[in-house]
Amino acid sequence: FEPWTNAMEQIGGHMAQDQMLRWIRTAASGGRISRSNRMRLARAGIDDQMIEAIAREQAHWTDEGLMFANTANWSSPRAARAFHAAVVSSVHNMILRGGAGDLPIFMQKEWPSLMMQYMTFPFTAVNRMLVQGLQARDITQIQGTLMMVTLGSFVGASKGYLRGEDPTEWSEYKWLMEGVDRSGMLGIYNAGLNMARWGATMAGVSDSMPTRYMERSFAFGGPTTGQVAHAYQAAGALIEGDVEKAGEKTMRLMPFVNNTLHARQILERMAE
């Protein structure tokens, strides 16, 4: 995922740069920018004094396409550093990349970090999206949350359709739960949510069985847990005489099958 993350950060950096320069130009020329946008500049380290300093450095404003700061030609290193920091801060708010401050202390030790591998993103999501979003309490956070849940619902429906399900028969509750789960905004709490859904479905209280595998949602032990589960299921299917299922689970034990483009589909077609 590293190349994709880097690409999205590059795009996010250009977007943040263009947006902040337009706000700064408007504010420096005596125009009016909204209170929320001014607060975003302030949170990124650009106060009224820095707005004037950056505006002086941008001698030639243009409305053609994206605006670029070109800080290499700025005469004020302080203004350049402040603008760099503001862009980086904005990108980190757009693209989640876990840092030391997002992870609990116990994950810095060897065995806990091994058991909690692949949980960096869920912890980061709780810290960056859930906690900070609840503290912000503005309309953009609500819009972002609704968009994430909506996109998550469509992802869940698309994967359900590929599995042979009919998403049009899903209840409103299942659509909502799929959206919340697939959005990832609940982070580590998704594990508890999915366990509760499994329990409710098994008890006959609900029909909203989570579509993700339990070991993937729970995520303790990382991919090792899934591999152990596949080996156990392959052995059980072989004992029962279900050669097709045993072959499928054995195939998933092979390296790169789930992460290499089309490798899994090719092997499944070969098995058929």
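The values are calculated or read from the model by the stated rules, or taken from the named source; none is laboratory data. Nothing here was measured: the structure is a model prediction, and the numbers come from that model. Reconstructed Cβ throughout: ideal geometry from the backbone, glycine too, with neighbour counts over all protein chains shown. These accessible areas exclude ligands, DNA and RNA; they are computed on the full protein's heavy atoms, side chains included. Shrake-Rupley method; radii C 1.70, N 1.55, O 1.52, S 1.80 Å.
For the list (1) closer than 26 Å to M129 by Cβ; (2) at pLDDT 85 or above; (3) not small (G, A, S), I need the number of the one condition that D102 fails. Failed condition: (2).
Among residues of segment 45-72 that are exposed (fewer than 13 other Cβ atoms within 10 Å of the Cβ), those with a Cβ under 7 angstrom from a residue that is at pLDDT 85 or above, sequence gap 6+ or separate chain, pair up as L66/H14; L66/D18; F68/Q17.
Give the residue that is farthest from G101 (Cα to Cα), with candidates limited to residues of segment 134-144 that are more than 17 Å from the chain's Cα centre (by Cα), open to solvent by 100 Å² or more (accessible area, probe 1.4 Å) and not aliphatic (A, V, I, L, M). That would be R137. Note on segment 246-264: residues that are in a helix (DSSP H, G or I) and modelled with pLDDT under 75 total 3. Can you name the residue in segment 145-176 that is of a type in the set (D, E, K, R) and surrounded by 13 or more Cβ atoms within 10 Å (Cβ to Cβ) and is also farthest from S206 (Cα to Cα) among such residues? Taking the candidates together, the pick is K159. Checked against (1) open to solvent by 50 Å² or more (accessible area, probe 1.4 Å); (2) modelled with pLDDT of 85 or more; (3) β-branched (V, I, T), V131 meets all criteria but (2). On the stretch given as segment 81-101, residues that are buried (at least 18 other Cβ atoms within 10 Å of the Cβ) and among the charged types (D, E, K, R) total 0.
Candidates A69, A80, A86: the one that is aliphatic (A, V, I, L, M) and assigned to a loop (DSSP other than H, G, I, E, B) is A69. Each residue in segment 1-27 was checked for being more than 16 Å from V87 (Cβ to Cβ) and open to solvent by less than 40 Å² (accessible area, probe 1.4 Å), and 2 pass. Residue under question is M39, and the condition is that it be touching a helix residue (DSSP H, G or I) at 6+ places or on another chain (Cβ under 6 Å) and modelled with pLDDT under 90; does it hold? The answer is no for M39. Within segment 101-116, is there a residue that is under 16 Å from G187 (Cα atoms) and either in contact with a strand residue (DSSP E or B) (Cβ under 9 Å, 6 or more places away or on another chain) or among the acidic types (D, E) (or both)? Checking segment 101-116: at least one residue is under 16 Å from G187 (Cα atoms) and either in contact with a strand residue (DSSP E or B) (Cβ under 9 Å, 6 or more places away or on another chain) or among the acidic types (D, E) (or both).
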